Every structure is written in C-alpha cells, then in structure tokens.
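Comments concern the structure below.
Each value in this text was obtained by applying a stated rule to the coordinates, not by laboratory testing. On a predicted model such as this, the values are computed, not experimentally measured, just so you know. Reconstructed Cβ throughout: ideal geometry from the backbone, glycine too, with neighbour counts over all protein chains shown.
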Amino acid sequence: MDQPQPSRRNVALCFLGLCFWNLVVAFDTTALSVTLPHIAEDFHLSSTSAYWTGTCFVLCSAAFQPIFTSFSTIFGRKPVILLALTLFTVGAIVCSTSRGLTSLLIGRCVQGVGAGGLVTLTYVVMADMFSLHERSKYMGVISITWLVGTVCGPILGGGFAQSLSWRWIFYINFPFCGISLLMVVFFMHIRFVPQKCTMEGLKQADWIGSILFVTSLTSFLIAISWGGVMFAWSSWRTILPLVMGIVGLIAWVAYSHFLTANPMIPLRILSDRTTAISYFATLIHGAGQWEITNASQQFALLYYLPLYYQAAKLYSPVISGVALLPQCAISGIATALTGIFIAKTSRIKPFAIAGWTIFTFGLGLLHLLNSSTSVPAWVFINLPSGVGLGILFTALSLATQATAEAQQTPSTSTTKLPYAEGNDQVKAMAAGLNPFFRALGQAIGIAIGQAAFSNKMRAQLGPDVARESTALAQKMPFVGTDRQVLLIAAFVESLRAVWWVVFALCALVGGMKRANVGDPEKERDVETASSNLDVDESQDVAIKT
C-alpha cells in the first residue's frame, strides 16, 4: 500500500531530524577526547585503557556503515533508522551510567554502531528525498552541521568536564535523540518499499558476507589504530590483526563476486574507474580532514593541527578547539556555496578540481607554521585548507553518487538488483558508501600521520620521548625554558612531516581527479530520477561529472 505523500512541511521537519542526529553524532565523536583525563581519574585507568574509550566508537562506526545501508534496502529505511537511533541512545545511557571501564566500552561500542548507521543513512535518505540536483544544496547544510558538532565537541566537552561532569557529554544526547526519534516516526514518509517481505529478506540477506566484512575490517582498523601507539608496527600484536584483516577483506571480495547472488555491497558499483577514483578521493579527503580538524581518541589530546596549538603555541585543549573556529567557519561557507553553485551550473567536476587544488595548496602552507607564528598569520595560513575542505565535502559526495547512478539508469539498464529496483539500490549504496570511505580514510589518516610524526620525533628526541610525545604536549607550559625550546622545535618539525605526507597524498589524488582517468573530455550526463519523497518542485535534471 502506498504511503501518504508528504507535504513540504514534512520534508522540512524530516530534514531537520537528519540535522539533529548528525549534530549529536559529530559532537559525540569529538567531545570525549578532552575529557579522557577525568574519566581515567574517576575509573583509575591507564592512558592505554582510556585510549580505547574513544577508539572503539570510531572503529564500530566505520565498520557497520555498509551493513546499515544494505539492510535499509531489505527492510526499508525507517525501521533501520529507528534501530540506529535506538542503539545510539542505548549506548549513551550505558555510558552515562557506567561505573567502570567494561560498561563504558560496551556503551561506546553500541553507540558507535548506532552512530555509523545514522551517518550513512543520512546520505541514503537524502538520495531518496531529493534529486541529485537538489542534493547539492542539502548536503551543504549537513556538512555545516558536522563541522559545528566537530568543533563544539572539544569545547563543550572540556567545559562539562571542568564545571559539571564528563557524563554530561552523554546526557546532552538525550534531547537530540528524542527530537530526532519523533521526527522520524511522524514526518519521515518515504515511498521506498522493499520488494521482499521480512522473512524472505532475512533468508536472502548476505549474512556471511556481512559477518566476514565487519570482522575483517574491524581487525584491520584495530591494527592501524594501535600500531605505533600501543604496540610497535613490527610487533606481532600489530602484524597479526593487520594481516588477518587484509586477508579477510580479500576473501570477502572473492565471496561477494563468485559465491553469492545477493552481495552486501554490489561490487559493480566500484567497477567503473571514474567511480572508483571518486571513492578513493573521498578516502583521502577523510584522511586529510582528520589530520586537520577532527579529534583523535588519544589520551586527552587532539590530533595534529590542535597538537600544534598545544605544543608550539602552548594553548590549552579547549582554546585549541576554539582556534579551529576560523577554519571551520570558512569551510562551512565554502560547503554551502559549493552546493548552491553546483545546483545552478549542474557541473561537479570543476568544483572537485578546484577543491583539490585549494586543499592541496592549503596543506602546503601549513609547513610555514612555527612557534613564533602570530595569531593573524596562522589564521590566514589555515584558511585555504578550510576552503578546499569545504568544497570537497559537497563535490566529492555528489561526484561518487552521480557516476555510480549513471551505471544503472532506467534508460540504460533493465537488470533488477536484489530486494529493490536496481536504480534504487545503486542510488542508496552509492550514497551510503560516501561516509564509509570518508570514515575509513580518517582511520588510515591517523595511522599515516602517526607514523610520520613518530618517526620524526624519534629521530630528534629518542624513542622514549617520542612514545609519550602526545601526552607531553599538554604539559608543555610547565616544562623548563631550555627544554621547552627544544621540545617545541621537535614538535614543529615532526608536524611538518605530517603536513608534507598529507600534501603528497592530496596532490596525487588531485592529479588523478583532474586527469579523469586519462580523458579530460570524458563527462557523462546523469539523469536523476524523481525523488522518492514527492515534492512539487522536484524534477529530473542532468548533472555532469
């Protein structure tokens, strides 16, 4: 039976619900980092144990994202969204009432699974609600919401820990989750209905592929997360899960290609070279974004650019978060304007090229940062990377969806994919893989940056100091003058190694994107179907990638 057609008011309120849950997920991803010393003190934890209270959230969030996208095509969008919201809320309840490390880790894992579902389903729902032409504007709003939550997390988290309790980081989730839940229940009327009943869907779901994918990816992410942090990269504790993860992912690809008719992720989406390059670009974008703006889950510290503020400029963790505001503000403006311009011009590729060029140039400028850089100077040095970051948020998301949807349009394909019309599943999976590859890039970016940073610190100060360098940054204001000068110089040089590594990666991907697999003139028109949420003004348009 057809669901009632939603009004503009319902569409607006449904989209507002997406913004609410993205804001709280972004906040939760970053807020805990500056409160880990307080948690460690309350629970009498070591720095290694405290490290995992943040890391498990990120790992679970990344690993389960494709699962939620796949299941939403089997059981429908709304039930899977409600499941993700419930998991996120239950995880927050467990964390806020935890009395020890075990319950806190369980809560963070459950919350991370729910967060991964909410993030990826945001993109899936927007693909249902809006045509590709309209999505450019709304993705800009979602990206701004993420930037606000990312920056406010460390600032408010530090304030809660100092003035109230670290548990308030989880208490503040509840009103946002409640509002989002009500908006989903009452205002999300998506016409997408799976072609399989629940029992038939359960029988035909790719359970083997899902389990193999999650366990293998988790093993890989655990290895790159603790490599060089908890254990040396040469340690068997790092090598074993890394090898198991890689072998498992290869086995998953083989299983999905040869042994199942209904794979969790249709590999045909990645078979097009342009689409594959776009997803690889999204992965590198996630790595570069994490090096600059996002919070790490290390003991009480943020990564890289905030680390510069603490170690070289001697700012507190909270002030380091405030120092990110100019960059994130300009990034939000660039994100919004990119969405508007893409909607007006129906062109994506020029903005993707411009974004990579500006982003790469901005990363190159970061090597100018040192201990004597004035406030106006570091503000202006950081602005280009913020502009490029914002442009790429919108351009890359649309580019991957446009190229993937072009492979399965009603005019060119009669093939039916499992559980739903082929075009619907391609559209959903193409949208859902965007945040997944960005999250995967963030995890890989941490590992690459950590390796470059640690190697440089080890060469300058020796292995013992290098191992504790991130914890040492918070103590820099209390170190003697002579030693402080030496340490600041070491931090600045080590951070420059990070900037150059990320600069090289982004330059490589930017060149690949500009070449467009060797054919600069190759641009495809993508006919977008009417949105699954019928809005009067929605219409089919052509988007050129």
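Skipping prolines and chain starts, which residues have an amide H placed within reach, meaning under 5 Å, of the one on residue 304, given they are 5 or more residues away or on another chain?
For residue 304, whose amide H was placed from the backbone, there are no distant partners under 5 Å.
Taking 45 Å as R0, compute the FRET efficiency from the Cβ-Cβ separation of residue 340 and residue 41 and round it to 0.05.
Step by step, r from the Cβ atoms, then E = 0.40.
With a Förster radius of 45 Å, plug the Cβ-Cβ distance of residue 504 and residue 106 into 1/(1 + (r/R0)^6) and report the FRET value to the nearest 0.05.
0.70
Give me a comma-separated list of calculated 3J(HN,Hα) values for region 345-354, in order, Karplus coefficients 6.51, -1.76, 1.60 applied at θ = phi - 60°, integers in Hz, x for any Gly or Pro.
9, 6, 10, 10, 4, x, 6, 5, 5, 4
Note down the nm distance, to one decimal, between modelled labels 7 Å out along Cα→Cβ at residue 90 and at residue 231.
Calculated label separation equals 3.1 nm.
Sketch the reach of a paramagnetic label on residue 165 as a point 7 Å from Cα along Cα-to-Cβ, and name the residues of region 97-126 whose backbone nitrogen lies under 19 Å away.
97-108
If you plug each phi of region 103-120 into the Karplus form 6.51 cos²θ - 1.76 cosθ + 1.60 with θ = phi - 60°, what whole-Hz ³J(HN,Hα) values come out, in order, with x for Gly and Pro?
Coupling constants for region 103-120: 5, 5, 5, 4, x, 5, 5, 4, 5, x, 4, x, 4, x, x, 5, 5, 5 Hz.
Take the Cα of residue 371, step 7 Å along the line toward its Cβ, and report every residue of region 442-462 whose backbone nitrogen sits under 17 Å from that point.
Only 457, 460-462 pass the distance filter.
Using 0.36 nm per residue, how much length does the chain from residue 211 to residue 261 gain when fully extended, once their Cα-Cα distance is taken away?
This chain segment gains 16.4 nm when fully extended.
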